[in-house]
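The next block holds one structure in the form of structure tokens; read it before the comments.
What follows is calculated from the coordinates using simple rules that are stated; it is not laboratory data. Source: prediction; values computed, not measured. Ideal geometry is used to build each Cβ from the backbone, glycine not excepted, and the neighbour counts take in all protein chains shown.
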Amino acid sequence: MKTAVTLIGLMLSLLTISSAKSDVIISGIVQTVLSGDQMIITHPELGQQAIRLAQIDAPELALGSCRAQAWSDIAQKALSQQVLGLNVQASCLERLDSEGFAVCQVVVDGENINQWMLSQGHAWFDRSLGNNIWLQQLEQEAKRKRQGLWGNAASAIPPWQQRAQCIGNRR
């Protein structure tokens with residue numbers, strides 16, 4: 001049953017991404033996990049590729065004068081435990097994000113890692129690539145169960161708000 005639910009969720013996620021021209025497939029070994037939603041994979045012919053997990057936004061690590069968000073190190077560790085050193089398949093948008101990362105749905109051994117991060121409460125659903133009811137439900141269920149960062153929801157600040165505050169403080 002869990003496999004069927006995971007497959008349905010994966011299909012819904014890929015359909016949402018597909019409407020945004022998701023037809024670049026990259027596979028490779030995860031060499032480094034940079035944060036709770038970013039990694040570097042190595043492809044035998046293409047070399048290293050920076051990847052950001054599509055439609056999720058994990059708490060921000062410390063950057064410059066901006067301090068790390070609560071749960072950022074735990075989210076990074078959770079992602080590392082799921083993918084580091086493993087072969088992954090990434091279905092990516094044709095364009096890179098503003099930081100040069102490929103924006104992708106990542107699957108390892110049949111499991112959609114983007115969805116797993118949401119379901120475990122390690123990230124927020126990022127609506128910037130469109131609305132996805134399945135991903136919203138995963139986030140809501142994690143909140144209901146007080147999974148991960150939602151265990152202390154009162155102090156949970158979305159990463160996009162943290163980035164905006166940090167940029168505002170530098171001016």
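Here the gap between LEU46 and ARG67, fully extended at 0.36 nm per residue and compared with their Cα-Cα distance, gives a gain of 4.1 nm. Take the Cα of ASN87, step 7 Å toward its Cβ, do the same at GLN140, and the gap between the two points is 3.8 nm. The residue list GLY47, GLY64, SER119 was ranked by how far each Cα lies along the charge dipole of the range 39-148 toward its positive end, using unit charges on Cβ atoms, and SER119 comes out on top.
Our estimate of slack between ILE167 and ARG95, defined as 0.36 nm per intervening residue step minus the Cα-Cα distance, is 23.5 nm.
Across all Cα pairs in the range 53-171, the calculated P(r) in 10 Å bins from zero up to the longest distance comes to 13, 42, 36, 8, 0 percent per bin.
Return the whole-Å distance between the Cα centroid of the range 21-70 and the Cα centroid of the range 114-142. The distance from the Cα centre of the range 21-70 to that of the range 114-142 comes to 17 Å.
Backbone phi angles across the range 26-33, fed through the Karplus curve with coefficients 6.51, -1.76 and 1.60 (θ = phi - 60°), yield HN-Hα couplings of 10, 10, x, 8, 6, 8, 9, 10 Hz in residue order; Gly and Pro are listed as x.
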